[in-house]
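Asker: Mind looking over this structure? Questions follow.
The values are calculated or read from the model by the stated rules, or taken from the named source; none is laboratory data. The shown structure was predicted, so the numbers you read here are calculated from the model rather than taken from an experiment. When we count neighbours, we look across all protein chains shown, and the Cβ atoms used for this are built from the backbone with ideal geometry, even at glycine. With ligands, DNA and RNA removed, areas are computed over all heavy atoms of the protein, side chains included. Shrake-Rupley method; radii C 1.70, N 1.55, O 1.52, S 1.80 Å.
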Amino acid sequence: MSLPRSTRVDSKSVIRIMGIDPGLLRTGYACIELHFNGATKIVEAGILKLSPKKTVASRLCDLDEDLAALIKELHPDRVAVEQVFAHTKHVRTAIIMAHARGVILLAIARAGLPLREIAPATIKSAVAGNGQATKRQMQLAVAAQCGLAKPPSPADVADAIAIALADARRVR
């Protein structure tokens, strides 16, 4: 039996969303599956560690290679990345993170994946209900929403999961 066009169901009932928390020493990543019945499942989450002994240029090359391999392995349908957060007390940190973000955005564009950049306060509000949530509050909120026995650690992993979850709320 054929359904009318307006009620046809897409053959894909799951969307894979990768969340990335940029960093030049540790980049958090998470890949979640968003099922159209509302369920969310973590496929994989972790960190890409970059050597502090290497030059910035070498670390950026490593990040590019590692992220390209991860995208190839996990096959996300879309990617969400945290926007640069610039605070007047931490300008250098924002500039360094921007280097990593540039490489991450390039890897996503090369893979031809849809991208959403999300502000930190928007991520915190979507996941913890408070745009000023602390790292610990975010870890606890992610653990509760994903049914984890303990909060993800380090915080970069929890942040990457939260970024993916924030994007999933928009996709729903």
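Asker: Just to check your reading of the model, which residue among Ala166, Ala144, Ala98 is within 27 Å of Ser58 (Cα to Cα) and in a helix (DSSP H, G or I)?
Answerer: After ruling out the rest, the residue left standing is Ala98.
Asker: Same structure, new question: Collect the residues in the stretch 17-41 that are of a type in the set (A, V, I, L, M, F, W, C) and within 14 Å of Cys146 (Cβ to Cβ), keeping them in residue-number order.
Answerer: Ile17, Ala30, Cys31, Ile32, Leu34, Ala39
Asker: I've got another one for you. Just to be sure before I move on: is Arg26 of a type in the set (D, E, K, R), more than 16 Å from Val157 (Cα to Cα) and crowded, with 16+ Cβ neighbours inside 10 Å in the structure I sent?
Answerer: In short, no.
Asker: Return the pairs, sorted by first residue and then second, in which the second residue is basic (Lys, Arg) and open to solvent by 50 Å² or more (accessible area, probe 1.4 Å), the first residue lies in the stretch 26-48 and is over 20 Å from Arg170 (Cβ atoms), the beta carbons are less than 9 Å apart, and the residues are 6+ apart or on different chains.
Answerer: Arg26/Lys49; Thr27/Lys49; Ile47/Arg26; Leu48/Arg26
Asker: Working only within the stretch 70-95, note down all residues that are open to solvent by 60 Å² or more (accessible area, probe 1.4 Å) and either closer than 28 Å to Val14 by Cα or assigned to a helix (DSSP H, G or I) (or both).
Answerer: Lys72, Glu73, His75, Gln83, Thr88, Lys89, His90, Val91, Arg92, Thr93, Ile95
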